[in-house]
Amino acid sequence: MTGVTFDMIDLVTEMDRRGVDNFAGVKFTGLYETRAFPDAMRCAAYKDGKYDILSGREELMIESLAAGIEGFIGSQFNYGGDIYNAIYSETDMTKRNALQLASIELLYVWLENVPSTIDGNKLMVNLAGVPIGPARLPMLPPSDEDVATLKAAVQGWCGQYAAMFDNGVAICNAVGSAVVVE
């Protein structure tokens, strides 16, 4: 976001060296950079996990877990927490990969169906039945057509992927295309 990059391990070791008592750890958001996962792994391993190392990229949950990250902070949890809990809890790697791919496909549902002038994540949360209010500038409010388009796309995703999740998917229940799990 700022264009400033440096290895977080340098920050972690310096905070430790200085004895900064209220330094708790680092949240990694820019995990798309070449050095990001090695840096995250080094931070997670520093002094046997002394600090909290968090991921801000839900769509990279498996990769983050492999790097030693155990905590996650992200906006997609507001409408897909059950999806990400399933990924986190799954021990079979083949199924875990399939679940993460399904979560990525849901992310692309709103990325590909909501104009860039509208907060697609906020619209997803509202569709999931969590009323978080209208858009704030500079984002624009969605039109009825925008909402209907996204709802139909989410319903399509639900028809294709929801059955993969053993406990169902809350957003599918909210948009009226629930898969009944017995």
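Just so it is clear, none of the values below were taken in a lab; they were calculated from the coordinates. Source: prediction; values computed, not measured. Ideal geometry is used to build each Cβ from the backbone, glycine not excepted, and the neighbour counts take in all protein chains shown.
Summary of values
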{"item": "In sequence order, calculated HN-Hα J values of the range 37-47 (Karplus, 6.51, -1.76, 1.60; Hz; x Gly/Pro)", "result": "5, x, 5, 4, 5, 5, 5, 5, 8, 4, 6"}
{"item": "Cα centroid separation - the range 17-36 against the range 106-120, whole Å", "result": "29"}
{"item": "At 1.567 mPa s and 4 °C, Stokes D of the range 1-78 from Kirkwood alpha-carbon radius, µm² per second", "result": "101"}
{"item": "Hydrodynamic radius of the range 77-175 per Kirkwood, over alpha carbon pairs, in Å", "result": "13.9"}
{"item": "Relative contact order (%) - the range 77-175, alpha-carbon pairs under 8 angstrom, separation at least six", "result": "34"}
{"item": "Karplus (6.51, -1.76, 1.60) ³J(HN,Hα), θ = phi - 60°, over the range 57-71, in Hz, Gly and Pro reported as x", "result": "10, 4, 5, 10, 4, 4, 5, 5, 4, 5, 7, x, 7, 10, x"}
{"item": "Packing-based exposure ordering (other Cβ within 10 Å, fewest first) of 118, 53, 132", "result": "132, 118, 53"}
{"item": "Interchain or long-range residues, amide H under 5 Å from residue 52's placed H", "result": "25, 26"}
{"item": "HN-Hα J in Hz across the range 10-21 - Karplus 6.51, -1.76, 1.60, θ = phi - 60°, x for Gly and Pro", "result": "5, 5, 4, 5, 5, 4, 5, 4, 7, x, 6, 5"}
{"item": "Charged-residue dipole, Cβ positions (Lys, Arg, Asp, Glu), the chain about Cα centre, Debye nearest 20", "result": "280"}
{"item": "Range in the chain, longest, excluding exposed chymotrypsin sites (Phe, Trp or Tyr not before Pro) [loop by DSSP; at most 13 other beta-carbon atoms within 10 Å]", "result": "33-182"}
{"item": "Degrees separating the helix 77-89 axis from the principal Cα axis of the chain, which is the longest one", "result": "60"}
{"item": "Computed FRET value (nearest 0.05) for residue 10 with residue 116, which takes r as the C-beta separation and R₀ as 41 Å", "result": "0.75"}
{"item": "C-alpha long axis of helix 93-113 to longest principal axis of the chain, angle in °", "result": "60"}
{"item": "Mean separation of Cα contacts under 8 Å (6+ apart) over length of the range 1-139, as relative contact order %", "result": "16"}
{"item": "Exposure proxy ranking, count of Cβ atoms within 10 Å, fewest first, for 158, 43", "result": "158, 43"}
{"item": "Per-residue [θ]222 nm for the chain (sum of -39500 (n - 2.57) over DSSP H runs n ≥ 4, rounded to 500)", "result": "-15500 deg cm²/dmol"}
{"item": "Residues with amide H under 5 Å from that of residue 72, placed H, sequence gap 5 or more", "result": "55"}
{"item": "For residue 169, distant residues with modelled amide H under 5 Å away", "result": "179"}
{"item": "Ranked list, fewest to most other Cβ atoms within 10 Å of each Cβ, for 54, 106, 65", "result": "65, 54, 106"}
